[in-house]
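The values are calculated or read from the model by the stated rules, or taken from the named source; none is laboratory data. Everything numeric in this text was worked out from a predicted model, so none of it was measured. Here the Cβ positions follow ideal geometry from the backbone for every residue, glycine too, while neighbour counts run over all protein chains shown.
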Amino acid sequence: MKPYLLMPLLLVACSHPVKDGIGLEADPNFGGNNLTDEMRGGQFFIGPGDQIDVDIWDNPDLSRTYIVEPDDVLKCHLIEPLSLGPETTWTSLRNQLTDAYAEVLVEPSIALTITLSMLRKVTVLGSVNQPGVFPMESPNTSVLEIIAMAGGISSAGDTTGIVLARQVKGKTQVRNYNLDLLFDPSLDDPPVQIPFVRPGDYLFVLRTGKSEYGEYLRLVSETLRGISWGQQTIMNSPDVYDQLFGGD
């Protein structure tokens, strides 16, 4: 979905009740497939677009770099294409490659380096210091961490107005978060989990009402200064003044 199509949904979310401190594990309808398992394992499952560097000891001609194809297939030199499952990890892929190369090599020793695809990204918009698109290196990336990657909330940002939009089963779901509650020592029942982001999320930080009022005040002030400047120009130009007000 295009970012500009999500903007109305993000802004409408301001009127929704804030789900204070809710975590994605506590909200399974917002979690998406495999997210919890990835979070527990602390690493992403290998998927389309990931770069796989295969280093086979004593076989430099077979040590190459490959990219997982969109249909979760990894095509390596000298062996049949490998079909990766939905929960393929570094260990399970290494085992698959070792078994496959054992058909053509004697006791192959394989080392893997995996570079995650930029497809695992989060878009941060609104009142942050460095809005942009940021890659995720871990499934355990919290809302706070992704905001920090965007340079933190700006002086105009509202820490009680963090909006997260996510595609779940083809539909866009939106949640609001109040970060102030995470750091409020007066709460008898503080939130137990900081919300996590997941690939493809859009996070929007709203502006404070005070900053919006300040912006309106600035615009009014600039408009009044423009009017005042125009009036002074007319008054200081006798020819123009006479034309407008019928001077003698």
Next item on the list: State which residue is farthest from Val205 (Cα to Cα) when the search covers only the stretch 148-166 and only residues that are of a type outside the set (A, V, I, L, M, F, W, C) and out of contact with any strand residue (DSSP E or B) (no Cβ under 8 Å at 6 or more places or on another chain).
Entry: Ser155
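Just a yes or no: is a residue in the stretch 151-160 closer than 26 Å to Phe44 by Cα and either in contact with a Leu (Cβ under 9 Å, 6 or more places away or on another chain) or outside any loop (DSSP other than H, G, I, E, B) (or both)? Lay out the reasoning, then the answer.
From the stretch 151-160, those closer than 26 Å to Phe44 by Cα are 151-152; that's our starting set.
The next check asks that each one be either in contact with a Leu (Cβ under 9 Å, 6 or more places away or on another chain) or outside any loop (DSSP other than H, G, I, E, B) (or both); those that pass are none.
Taking every residue of the stretch 151-160 in turn, none turns out to be closer than 26 Å to Phe44 by Cα and either in contact with a Leu (Cβ under 9 Å, 6 or more places away or on another chain) or outside any loop (DSSP other than H, G, I, E, B) (or both).
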Margin query: Looking at the stretch 89-117, I want the residues that are surrounded by fewer than 18 Cβ atoms within 10 Å (Cβ to Cβ) and have a partner that is of a type in the set (Phe, Trp, Tyr) and outside any loop (DSSP other than H, G, I, E, B) with Cβ atoms under 9 Å, at least 6 apart or on another chain. Which pairs are those?
Written below: Leu112/Trp90; Ile114/Trp90
Item checked: Residue in the stretch 54-69 that is acidic (Asp, Glu), farther than 18 Å from Val197 by Cβ and within 24 Å of the chain's Cα centre (by Cα) present -> yes
Notebook entry, point to check: Of the residues that sit in the stretch 70-88 and are closer than 22 Å to Met118 by Cβ and without any contact (Cβ under 8 Å) to a residue 12 or more places away in the chain, which one is farthest from the chain's Cα centre (by Cα)?
Noted result: Lys75
Check: So, of the residues in the stretch 60-88 that are in contact with a Phe, Trp or Tyr (Cβ under 9 Å, 6 or more places away or on another chain), surrounded by fewer than 18 Cβ atoms within 10 Å (Cβ to Cβ) and under 19 Å from Gly41 (Cβ atoms), which turns out to be modelled with the lowest pLDDT?
Finding: Pro86
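Test Pro48 against the stated conditions and say whether it is surrounded by fewer than 19 Cβ atoms within 10 Å (Cβ to Cβ), farther than 30 Å from Gly209 by Cβ, under 12 Å from the mean Cα position of the chain (by Cα) and not aliphatic (A, V, I, L, M). It would help to see each step written out before you state the result.
Working: surrounded by fewer than 19 Cβ atoms within 10 Å (Cβ to Cβ): yes; farther than 30 Å from Gly209 by Cβ: yes; under 12 Å from the mean Cα position of the chain (by Cα): no; not aliphatic (A, V, I, L, M): yes.
The answer is no for Pro48.
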Next item on the list: Any chance you could count how many residues in the stretch 128-140 are modelled with pLDDT of 95 or more, surrounded by 17 or more Cβ atoms within 10 Å (Cβ to Cβ) and part of a loop (DSSP other than H, G, I, E, B)?
Entry: 1
Check: Pick from Leu9, Leu5: which is modelled with pLDDT under 90 and loosely packed, with under 13 Cβ neighbours inside 10 Å?
Finding: Leu5
